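Written below as C-alpha cells is the structure these notes are about.
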Amino acid sequence: MRIRLDLAYDGTDFRGWAKQPGLRTVQGELEAALDTVLRTTGSAVTVAGRTDTGVHARGQVAHLDLEEDQLATLVSRGHATATEMLVRRLNGCLDPDLRLHRAAEAPAGFDARFSAVWRRYAYRIADVPDLVDPLQRHHVVAWERRLDVDAMNEASGSLIGLNDFAAFCRKRPGATTIRSLIELEWERIDGIVTASVRADAFCHSMVRSLVGCVTAVGVGRQRPEWVAQVLAAKVRDPAVAVAPAHGLTLEEVGYPTDSELAAQAEGARRRRELP
C-alpha cells in the first residue's frame, strides 16, 4: 500500500532534501525515523520537490510504499488509527525542525512527484530596516535597498508561460530546462515583500535565480525589459545573482482529482519540449 506523507521543516540546519552520506538531510532523517518506527531497514520515500540546502517547506509531500502488515503493527488499542500512530511515533523520533503533519493511504495512481501538477514557493524579503526582525532571520532575507514592487511585477510578466529557463537553472546532463511558469507575483504582506512562484516543476536553483533577476529591477539596477532579454538568451547571465536560500519556502503542492492522478503521473514522465 502507498502512504502519502505531508510534512514541514526548517531548512536552516539541513543540507537540502536529498540523502547524502555523512550529511544531515531531510530525506536521511525521515527515512532513519521510518526504519526505527517500522522496525525495518532501507525505508525509501519519494518527494514532490527536492529542496536545496537552507530552503524551508510548509507543504512538502512525499510517499512511502509499505506492506499492509507493516502498518498494522502500529494499530493502537485506543482510538488512533495506524496512520495516526505513524505520525505520532515519527514525530517522537524526529528533531523539532522536521514535523510530519499527516499520513494517509494514498488513492490509486498517486505519485508524490509525478502526479503533482504544480509546486508553489514563497520568497520573503524585508527591505526596510524596521521590518528586519531577528526572530524571522531564518526565513526572511534582509535587503539593503527598498524594492519597487510594481516594477518587479512588470518584469515578472515576461517570464510567465512555457519557456526554456536555461538562463535561470543549473544545468544537469540530459535534463531539460523547459518549464511552465504559472505565477510569479510580488506583493507586500505586512510590509514584507513576498513573491508567490508557481510552476509545473522547477529545475535546480531556478526560483532563487528568478528572484535574483527580478530584484535587480526592483532596486533600479536594470529595466523591466531586461528580464525578458535574460530569458531569451538561454544562458546564465553573470548579472543575475542567485538569491539567498533561506528566504525560500515550499508552501504547497497541487494535485489533480483522484481519477486523474495516474494519467498525470504518466504525462509528467515525458520530456518537456517547446512547441
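Can you find a residue that is more than 25 Å from the chain's Cα centre (by Cα) and surrounded by 16 or more Cβ atoms within 10 Å (Cβ to Cβ) anywhere in region 93-116? Even if it seems obvious, please write down each step before you answer.
At the first step, the residues of region 93-116 found to be more than 25 Å from the chain's Cα centre (by Cα) are none.
Within region 93-116, not a single residue is more than 25 Å from the chain's Cα centre (by Cα) and surrounded by 16 or more Cβ atoms within 10 Å (Cβ to Cβ).
Step by step: first the residues of region 245-275, then only those that are small (Gly, Ala, Ser) and exposed (fewer than 13 other Cβ atoms within 10 Å of the Cβ), then the one that is farthest from Ser209 (Cα to Cα). Which residue is that? Only one residue fits best here, namely Ser259.
When Pro238 is tested against (1) of a type outside the set (Phe, Trp, Tyr); (2) within 25 Å of Gly16 (Cα to Cα); (3) over 20 Å from the mean Cα position of the chain (by Cα); (4) at pLDDT 95 or above, exactly one condition is not met: (4). Examine region 199-222 for a residue that is in contact (Cβ under 8 Å) with a residue 24 or more places away in the chain, in a strand (DSSP E or B), in the same structural domain as Tyr123 (by TED's automatic domain parsing) and in contact with a helix residue (DSSP H, G or I) (Cβ under 9 Å, 6 or more places away or on another chain), and state whether such a residue exists. For region 199-222, residues in contact (Cβ under 8 Å) with a residue 24 or more places away in the chain, in a strand (DSSP E or B), in the same structural domain as Tyr123 (by TED's automatic domain parsing) and in contact with a helix residue (DSSP H, G or I) (Cβ under 9 Å, 6 or more places away or on another chain): present.
If you take the residues of region 197-224 that are among the small types (Gly, Ala, Ser) and within 22 Å of Phe114 (Cα to Cα), which of them is surrounded by the most Cβ atoms within 10 Å (Cβ to Cβ)? Top of the filtered list is Ala199. If you check Leu66 against the conditions, is it buried (at least 18 other Cβ atoms within 10 Å of the Cβ), within 16 Å of the chain's Cα centre (by Cα) and not charged (D, E, K, R)? No: the conditions fail for Leu66. Has region 138-145 got at least one residue that is in a helix (DSSP H, G or I), touching a residue at least 40 places away in the same chain (Cβ under 8 Å) and assigned by TED's automatic domain parsing to the domain that holds Pro238? So far as region 138-145 goes, no, none of its residues is in a helix (DSSP H, G or I), touching a residue at least 40 places away in the same chain (Cβ under 8 Å) and assigned by TED's automatic domain parsing to the domain that holds Pro238.
Only one residue in Ala151, Ala122 is touching an Asp or Glu at 6+ places or on another chain (Cβ under 7 Å) and in contact (Cβ under 8 Å) with a residue 12 or more places away in the chain. Which one?
Matching residue, one of Ala151, Ala122: Ala122.
Within region 209-231, the set of residues being within 17 Å of Asn163 (Cα to Cα) and touching a strand residue (DSSP E or B) at 6+ places or on another chain (Cβ under 9 Å) comprises Leu210, Val211, Val214, Leu231.
Select from region 24-38 the residues that are of a type in the set (Asp, Glu) and more than 12 Å from Asp95 (Cβ to Cβ) and list them in ascending order.
First pass over region 24-38, keeping only residues of a type in the set (Asp, Glu): 29, 31, 35.
Selection gives Glu31, Asp35.
Can you pull out every residue in region 181-198 that is part of a loop (DSSP other than H, G, I, E, B) and touching a residue at least 12 places away in the same chain (Cβ under 8 Å)? The one that is part of a loop (DSSP other than H, G, I, E, B) and touching a residue at least 12 places away in the same chain (Cβ under 8 Å): Gly191.
Output yes when any residue across region 225-236 is surrounded by 14 or more Cβ atoms within 10 Å (Cβ to Cβ), touching a residue at least 40 places away in the same chain (Cβ under 8 Å) and acidic (Asp, Glu), and no when none is. Checking region 225-236: not a single residue is surrounded by 14 or more Cβ atoms within 10 Å (Cβ to Cβ), touching a residue at least 40 places away in the same chain (Cβ under 8 Å) and acidic (Asp, Glu). As for region 36-47, it holds at least one residue that is at pLDDT 95 or above, surrounded by fewer than 20 Cβ atoms within 10 Å (Cβ to Cβ) and not β-branched (Val, Ile, Thr). Every condition in (1) farther than 21 Å from Gly247 by Cβ; (2) in a loop (DSSP other than H, G, I, E, B) holds for Trp17 except the one numbered (1).
State which residue is surrounded by the fewest Cβ atoms within 10 Å (Cβ to Cβ) when the search covers only region 146-166 and only residues that are assigned to a helix (DSSP H, G or I) and among the small types (Gly, Ala, Ser).
Restricting attention to region 146-166, the residues satisfying the condition of being assigned to a helix (DSSP H, G or I) are 149-159, 166.
Pick out the ones that are also among the small types (Gly, Ala, Ser) and you get 151, 155-158, 166.
Details: Ala151: 18, Ala155: 26, Ser156: 23, Gly157: 13, Ser158: 18, Ala166: 17.
Among those that are assigned to a helix (DSSP H, G or I) and among the small types (Gly, Ala, Ser), it is Gly157.
Summed over region 23-59, residues that are part of a strand (DSSP E or B) and out of contact with any Gly (no Cβ under 9 Å at 6 or more places or on another chain) total 5.
Restricting attention to region 176-196, the residues being closer than 12 Å to Arg119 by Cα and surrounded by fewer than 19 Cβ atoms within 10 Å (Cβ to Cβ) number 4.
The values are calculated or read from the model by the stated rules, or taken from the named source; none is laboratory data. This is a predicted model, so every value here is computed, not measured. Here Cβ is always computed from backbone atoms with ideal geometry, including for glycine, and neighbour counts include all displayed protein chains.
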